[in-house]
Amino acid sequence: MASLSLQQIGKTYGAQTAVEALDLDIADREFTVLVGPSGCGKSTTLRMIAGLENISSGRLFIDGKDVTQAPPQERDIAMVFQSYALYPHMTAYMNMAFGLMKTTRLDKREIDVRVREAASILHIEDLLLRKPNELSGGQRQRVAIGRALVRKPKVFLFDEPLSNLDAKLRNHMRAELKRLHAELGLTVVYVTHDQVEAMTLGTRIAVMAAGRLQQFDTPMTVYRRPANTFVASFIGAPEMNLLRCRHSRAAEGVVIDGASFTITLDGFTPPPAGIEILLGIRPEELFLAPENTLPDGQLMARATVGRVELLGADALAEVNLGHHRLVARVSAEQLPHPGQQVALGIDTRRARLFDPVSGYAHP
Ligand code: ADP
């Protein structure tokens, strides 16, 4: 296994910049997820790591070795594609063995050992003689992963590998990938546009937008301390509530004035008083109560419930607080009804503040 270092990596297609000055240091055995909306440069980044795309600027190191110009076969990397890219006329066994026969000097017996070992890890021992059209989507995906495993590469690259599977199978394969990573100690770079996949799989998540890295950190930090409003909105469903407020300083901290409510936050270094600020609150950090019965210091104001969407164990309630419209995650046991007057509380310990112009979080 190996470490990976992207230093100021950029990619341009003519006048268009697909990836700009990307810095990523990935440690041995890390599971790094590149996540972001379509067109943000995730696949281009992955293809530059694989050597399938020239790097326009910057340098790429694998295990400390500069491979910026190295052809794919010299990088010791294996890639699993969304489309699986299996040979239709070959059995699952041959799909896994073929690359080793062509590109290594391993003898037939050793190749056989590797294929059977990978098949056992992936639970596809019984399917080795089938051709791709005799396999389900999930089974094909396993063969494609097996083909990468038998090569024992330094780094595994995955490009949206689960997006062709139905929801149930996707959850299952996600758990399988997590198990493989933990059991085999793989170094993985994984591309997805799905923030749930990113949160559940990544040891660290690199959030990208418009070719630029927005934040690179653990899933919990990205969720709890988003670096900017883009990350705050992209990670988490429903997205973080962002309320435009004024603020001032007081001995107890920053006083946030939202016209229809006032709260005091400590632990922030805000910009000069008077300038507008965005108050960020996750839906689960809001509390509803029918009467003014909220715990000490958590009452914001009276609010009116709008649309309510039942999800199962919990529900999403739209809440109108003065001119602000928020979404709160509430228990299905205490479902509010549209039009109901409630007391709205907020867990201020997790609140975030952002600059409305630059979008950056205030420390
Ligand atoms: P993602 O994987 O995040 O959806 P991509 O890396 O595929 O995004 O693309 C990033 C940007 O680069 C997009 O704007 C896309 O249109 C552009 N792009 C990708 N490949 C090419 C290409 N071969 N020629 C021109 N532009 C490209």
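The values are calculated or read from the model by the stated rules, or taken from the named source; none is laboratory data. Not measured: the values here are computed from a predicted model. Please note: Cβ atoms are built from the backbone with ideal geometry, for glycine as well, and neighbour counts cover all protein chains shown. Surface accessibility is based on the protein's heavy atoms, side chains included, excluding ligands, DNA and RNA. Shrake-Rupley method; radii C 1.70, N 1.55, O 1.52, S 1.80 Å.
Tabulated values for the structure
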item	result
Within the accessible area of the chain (1.4 Å probe), percent carbon and sulfur	49
Segment Lys102-Asn320, length gained on full extension (0.36 nm per residue, minus Cα span)	72.0 nm
For Phe158, distant residues with modelled amide H under 5 Å away	Val80, Val189, Tyr190, Val191
For the chain, calculated [θ]222 nm from helices alone, where every DSSP H run of n ≥ 4 adds -39500 (n - 2.57)	-7000 deg cm²/dmol
Whichever lysines have a C-alpha closer than 26 Å to that of Lys65, once near sequence neighbours (fewer than 8 apart) are set aside	Lys11, Lys42, Lys102, Lys152, Lys154
In Hz, Karplus ³J(HN,Hα) per residue of region 161-171 (6.51, -1.76, 1.60; θ = phi - 60°; x = Gly, Pro)	x, 9, 6, 8, 9, 6, 4, 5, 5, 4, 4
Accessible-area ranking of Met220, Met90, largest first, probe 1.4 Å	Met220, Met90
Computed E for Ala85/Thr221 - FRET, C-beta separation, R0 35 angstrom, nearest 0.05	0.50
Karplus-derived HN-Hα couplings along region 94-105 (A = 6.51, B = -1.76, C = 1.60, θ = phi - 60°), whole Hz, x at Gly and Pro	5, 4, 7, 7, 4, x, 5, 5, 7, 10, 10, 9
Residue-span extension gain [Thr262 to Arg246] - 0.36 nm each, minus C-alpha spacing	4.8 nm
Vicinal HN-Hα couplings computed from phi for region 333-347 (Karplus, 6.51 cos²θ - 1.76 cosθ + 1.60; Hz; Gly/Pro x)	5, 10, 5, x, 10, x, x, 5, 8, 9, 8, 10, x, 9, 7
Under 5 Å, built H, 5+ apart or other chain: amide partners of Gly306	Glu318, Val319, Asn320, Gly339
Whole-number accessible area per residue in Å² for region 177-269, which is evaluated in the context of all protein chains at 1.4 Å	42
Efficiency of FRET between Ser57 and Thr203 - r from beta-carbon atoms, R0 30 angstrom, step 0.05	0.60
Other-chain or far-sequence residues with amide H under 5 Å of Ala2's (modelled H)	Arg29, Thr187
